[in-house]
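The values are calculated or read from the model by the stated rules, or taken from the named source; none is laboratory data. Here the structure is a predicted model, which means the values were calculated and not measured. Cβ placement follows ideal geometry from the backbone for every residue including glycine, while neighbour counts extend to all protein chains displayed. Each accessible area value is taken on the protein alone, full model and side chains, heavy atoms only, with ligands, DNA and RNA left out. Shrake-Rupley method; radii C 1.70, N 1.55, O 1.52, S 1.80 Å.
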Amino acid sequence: MSNRTDLPIRPSYDVVVVGARAAGASTAMLLARRGLSVLAVDRTAYGSDTLSTHSLAPAGVLQLSRWGVLDAIRKGGTPVASRVVFHYGDDLVEIDVPARGDVDGLYSPRRTLLDRTLVDAAVDAGADVRHGVSMVGLLHDAGRVAGVQLEVDGELRCIAARAVIGADGVRSRVAEHVGAQTTHQEAATSAVIYSHWEGLPDDVIVNHYGSGKVAGSIPTNDGAAVVWVGMHPDEFRASARGNVAEAQAARIAELPRFVAELEGARCIGGYRAWPGQPGFVRQGWGAGWALVGDAGYFKDPVSAHGITDALIGAELVADAVADSFAGADEAEAFGRFERERDAMAARMMPPVARIASLPDEMGVVMSSFVEMTKALHAEWNLIESNFGAVAAV
Ligand SMILES: Cc1cc2nc3c(=O)[nH]c(=O)nc-3n(C[C@H](O)[C@H](O)[C@H](O)COP(=O)(O)OP(=O)(O)OC[C@H]3O[C@@H](n4cnc5c(N)ncnc54)[C@H](O)[C@@H]3O)c2cc1C
């Protein structure tokens, strides 16, 4: 692979992308396909896992299909779910996922597969992707961000760029260095514990809601499903810090229908825990920089929608960079990116925040899902009507 750390890094690029997962690798791929010279760096290892369950919304699957990488996800052994089941207390709602063209259902690939596939596509398109490399500072010129300072094998390197894209996640160092303002802040959040199980069906995503409780299962690669539970952060602090396995089992035990579904299935480990963090939206761009993915817009994981937002945001920001480099007014090009992103956030965040507060009333959860469904339709329409054909390599 050409994304090894020991390959050379050039002294300057059109664009440097910090972070090379859902948002960063996609952005690097799209910009390289447009003929720009791109460097993407990530401080973690190529193909490594990250803290996340794996659900993609239909629009996320559509993006992978349009970009020509969905087949690699299929070949990686990702099952396709054709049904989503919601248990709201004693009420049951089953939804058949309609097949639309190549999007034949819902895919939930492990991040080890998804992020690696996107990195490979970026490298195939001509981007330099370097793992084990950290961005430690930004370069400035005449009031603009003009490159990055990297730590490569213990040495500092300065790399010039016409634009720096922060795709570096919730605790974005790029956002910190440029002083990006927080333009919206949520209050509610939920904590999550998940683990991997075998012996569950591979064609259905299941969600269980109870009074102040949530849990579910999502089929993924290698015949496994991710089983997750949500709880209030204070409950998490009180019960889960010592033993997340016990805390997960205790939450499942409170949802008898979920207990019945898990009968005969077996936990194969891989426990991960997330203590919760309220959602936010940050200023999306400034002179010579922009933020994409969680770096600029983060929602509670109960939405299972951050990866899809990252894949849509990547195309919005890549369009803005390419248009401005081609001579369009920078404020107009990046303003459009920020407006579209903020409109997606405005549709998605209110219902997600209500669900994340784990309300006692099932009616609140159900109506919030109806609202989320409208947001899912809107983002699908955005892709179909606003995004052009994507050049393959
Ligand atoms: C518990 C949990 C469950 C979730 N489940 C789902 C789900 O089912 N579906 C879904 O769509 N979303 C889910 N999400 C959200 C999803 O994980 C994120 O929205 C998604 O990972 C965002 O992608 P990203 O590329 O923006 O950021 P990230 O995936 O966070 O990637 C950022 C990368 O930048 C790197 N980086 C950071 N700083 C630097 C630096 N200074 N130099 C170099 N590299 C740097 C990091 O190491 C990281 O690899 C979940 C999140 C959590 C916490």
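Side notes on the structure shown:
- By the helix-only formula, in which each DSSP H run with n ≥ 4 contributes -39500 (n - 2.57) and the sum is divided by residues, the chain has a 222 nm mean residue ellipticity of -11500 deg cm²/dmol.
- Rel. contact order, % - alpha carbon contacts under 8 angstrom, at least six apart, the chain: 21
- Qualifying GluC sites (Glu not before Pro) for segment 289-393 [loop in DSSP, other Cβ within 10 Å: at most 15]: 361
- With respect to the chain, whose longest principal axis is taken over its alpha-carbon atoms, helix 330-356 is tilted by about 10°.
- Helix 362-386 axis, angle to the chain major axis (alpha carbon atoms, nearest 10°): 30
- With the charge dipole of segment 66-108 set up from +1 on Lys and Arg Cβ and -1 on Asp and Glu Cβ about the Cα centre, the Cα lying farthest toward the positive end among the listed residues 69, 97, 85 is that of 69.
- Viscosity 0.692 mPa s, temperature 37 °C, Stokes-Einstein D of segment 191-274 from Kirkwood C-alpha radius, µm²/s: 258
- Rg(Cα) / (2.2 N^0.38 Å) computed for segment 20-166, rounded to two decimals: 1.27
- Counting only DSSP beta bridges with both residues in segment 1-107, the antiparallel share comes to about 70 percent.
- Angle in degrees between helix 244-253 and the longest Cα principal axis of the chain, rounded to the nearest 10: 50
- Protein heavy-atom surface of segment 15-138, 1.4 angstrom probe: 47% of the accessible area is carbon and sulfur, with nucleic acids and ligands not counted.
- All other residues whose Cβ lies under 11 angstrom from that of residue 201 are scored, Lys and Arg at +1 and Asp and Glu at -1, for a net of -2.
- A straight line joining the Cα centroids of segment 156-177 and segment 56-109 runs 32 Å.
- Above 26 Å, the calculated P(r) of the chain contains 51 percent of its Cα-Cα pairs.
- Solvent-accessible surface of the chain, taken per residue with a 1.4 Å probe and all protein chains present: 40 Å².
- Whole-Hz couplings from phi, Karplus 6.51/-1.76/1.60, listed for segment 117-124; x for Gly and Pro: 4, 5, 5, 4, 5, 5, 5, 4
- Under-5 Å amide H pairs with residue 138, H placed in peptide plane, nonlocal only: 149
- Segment 191-274, dipole about Cα centre (Lys/Arg Cβ +1, Asp/Glu Cβ -1), debye to the nearest 20: 320
- Extension gain, residue 339 to residue 202, is 45.6 nm, computed as 0.36 nm per intervening residue step minus the present C-alpha separation.
- Within the chain, percent of DSSP bridges classed antiparallel, to nearest 5: 70
- The charge dipole of the chain, taken about its Cα centre with unit charges on the Cβ of Lys, Arg, Asp and Glu (plus for the first two, minus for the last two), comes to roughly 580 debye.
- Dipole axis of segment 224-347 (+1 Lys, Arg; -1 Asp, Glu on Cβ), positive-most option in 293, 321, 240: 240
- Simple rule: put +1 on each Lys or Arg Cβ and -1 on each Asp or Glu Cβ in segment 191-274, find the dipole, and look at 192, 258, 270; the Cα lying farthest toward the positive end is 192.
- Test item: Cα-centred dipole of segment 1-123, Lys/Arg +1 and Asp/Glu -1 on Cβ, debye: 560
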